[in-house]
Amino acid sequence: MKNSNWLRGLVEQVVVFLLRPRHLGVALITASSFVLVSLGSGFDIKAKGLAGVVDVLEFSTGQGLTGHLLSAVTYLMCATWLAGLVMVVMTYWRERQDGDARRVLVVELRGLVDTSDRPLLGSLPRTLPGQRHDCSVNVRPYLSINPPQVEEALDELMHIRRQLRQVRGDTSRANVTVVAGGVMHVPLQFYVGTLLDDEGAVLLYDWERTEKRWKALNEADDDSRFNITGLEDVADAKEVVLAVSASYKVAMTDIAVTFADLPVVHLARENPLPNALWSEANQAALTQQFLQTLGFLANRGAKTVHLVLAAPATLCIRFGMAYDHRNMPELRCYQRDAGQLPPYPWSVRMPKDGQSVQYLPTPISTLAPAAA
């Protein structure tokens with residue numbers, strides 16, 4: 001079984017390699033093969049030799065070409081075919097060597113859903129070159145209990161950056177790809193994004209909830225963007241609530257209960273649905289809108305942004321990667337629990353100005369008077 005899987009994987013790699021466009025070696029093989037097949041429909045080949053060793057090949061045809069001309073064309077096409085084959089083999093071998101120099105660091109975040117039976121490491125396509133290293137982080141023991149031990153989970157996640165750099169070693173960053181994905185509390189996903197920001201090329205995978213598998217962001221952009229409301233109410237407020245409805249509609253009533261008298265800026269897709277944002281281009285455009293909104297709030301003098309985020313894991317991580325703690329307000333990302341009072345009982349304050357990441361319970365003093 002292992003041998004058959006290895007052989008099937010090798011065949012898949014070779015087929016993908018051969019079918020790539022704009023490869024000169026493949027073009028030479030294709031063209032010369034076509035000519036040889038065309039010439040082969042109606043001519044005779046005679047070999048002169050001794051003891052089975054061929055000395056001369058002679059070609060003749062009834063199609064009007066002389067024997068010498070036909071022989072010259074045939075020899076030329078054979079040489080072209082062999083040259084193309086050599087180019088393909090050399091390119092394939094060079095890319096295999098490059099693949100040995102490359103590294104793929106796989107960061108699977110195990111928090112709320114047990115994905116150990118379908119690890120992200122084993123779900124990556126064979127076309128992704130490089131030595132693969134498992135850098136998964138399991139914080140389920142801290143998050144699956146009540147109440148969740150968020151501080152312990154943060155301590156565990158804090159080591160991601162060091163782990164990646166240890167595995168990467170002295171390998172050039174250009175030869176390293178980080179693959180990340182996972183299912184855990186939204187504030188922790190955002191925090192992981194801040195840790196991955198400086199780690200070079202990052203590919204994000206999400207957990208496909210209906211099919212129970214890892215899926216890449218490879219669908220077409222549906223052109224859905226955020227409708228932004230509430231910017232006109234910010235004025236010179238030092239604290240602002242930034243609500244993002246990407247995969248669900250945020251609960252505005254819960255926001256009103258938790259954050260008394262704070263202005264609310266709302267970024268909302270027209271029809272947010274779960275398990276739907278599978279476009280890299282779409283997520284990049286939404287992240288740009290998020291980033292520009294944070295920049296607007298910074299320009300208006302906001303010092304603290306209370307982020308209420310309803311989004312898939314990949315977008316949460318991407319937002320965290322985009323957050324610039326040097327030039328943007330302090331950001332606290334909140335976790336929702338509809339059965340508690342307040343409905344947003346805790347947050348994670350992102351690192352800024354020398355302050356480390358911190359778990360912050362929501363104080364009761366922030367509640368609206370009617371709910372306190």
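The values are calculated or read from the model by the stated rules, or taken from the named source; none is laboratory data. Everything numeric in this text was worked out from a predicted model, so none of it was measured. Positions of Cβ are generated from backbone atoms using ideal geometry, with glycine treated the same way; all protein chains shown enter the neighbour counts.
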Only one of Leu109, Leu164 is touching a residue at least 24 places away in the same chain (Cβ under 8 Å) and part of a helix (DSSP H, G or I); which? Leu164
Here's a check for you: in segment 279-304, which residue that is touching a helix residue (DSSP H, G or I) at 6+ places or on another chain (Cβ under 8 Å) and among the hydroxyl-bearing types (Ser, Thr, Tyr) is nearest to Ala243 (Cα to Cα)? Thr293
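Is it the case that segment 289-301 has a residue that's under 25 Å from Thr115 (Cβ atoms), modelled with pLDDT of 95 or more and surrounded by 14 or more Cβ atoms within 10 Å (Cβ to Cβ)?
There is no residue in segment 289-301 that is under 25 Å from Thr115 (Cβ atoms), modelled with pLDDT of 95 or more and surrounded by 14 or more Cβ atoms within 10 Å (Cβ to Cβ).
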Please specify each residue of segment 120-134 satisfying the condition of being within 18 Å of Leu164 (Cα to Cα) and either without any contact (Cβ under 8 Å) to a residue 40 or more places away in the chain or in contact with a Pro (Cβ under 8 Å, 6 or more places away or on another chain) (or both). Leu121, Pro129, Gln131, Arg132, His133, Asp134
Segment 194-247: number of residues that are loosely packed, with under 14 Cβ neighbours inside 10 Å, of a type in the set (Ser, Thr, Tyr) and touching a residue at least 40 places away in the same chain (Cβ under 8 Å): 1
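Residue check: is Cys316 within 16 Å of Pro361 (Cα to Cα) and either modelled with pLDDT of 95 or more or assigned to a loop (DSSP other than H, G, I, E, B) (or both)? It would help to see each step written out before you state the result.
On the way: within 16 Å of Pro361 (Cα to Cα): no; either modelled with pLDDT of 95 or more or assigned to a loop (DSSP other than H, G, I, E, B) (or both): yes.
Taking the combined requirement at face value, the residue does not satisfy it.
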One residue from Ala260, Ala281 being part of a helix (DSSP H, G or I) and surrounded by fewer than 16 Cβ atoms within 10 Å (Cβ to Cβ): Ala281
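I'd like the residue in segment 319-336 that is in a helix (DSSP H, G or I) and of a type in the set (A, V, I, L, M, F, W, C) and, out of all such residues, is nearest to Thr362 (Cα to Cα).
Of segment 319-336, the ones in a helix (DSSP H, G or I) are 319-322.
Right, trim to of a type in the set (A, V, I, L, M, F, W, C) and you get 319, 321-322.
Values: Phe319: 22, Met321: 25, Ala322: 25 Å.
Applying the filter and picking the extreme gives Phe319.
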Under 18 Å from Asp197 (Cα atoms) and free of Cβ contacts under 8 Å to residues at least 60 places away in the same chain: is that true of Thr287 in this structure? yes
Any idea which of (1) touching a strand residue (DSSP E or B) at 6+ places or on another chain (Cβ under 6 Å); (2) assigned by TED's automatic domain parsing to the domain that holds Asp324; (3) over 17 Å from Thr304 (Cα atoms) is the one Ala201 doesn't satisfy? (2)
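For the structure I just gave you, tell me whether Val250 is part of a strand (DSSP E or B) and assigned by TED's automatic domain parsing to the domain that holds Met321.
On the way: part of a strand (DSSP E or B): no; assigned by TED's automatic domain parsing to the domain that holds Met321: yes.
When the stated conditions are applied, Val250 does not pass them.
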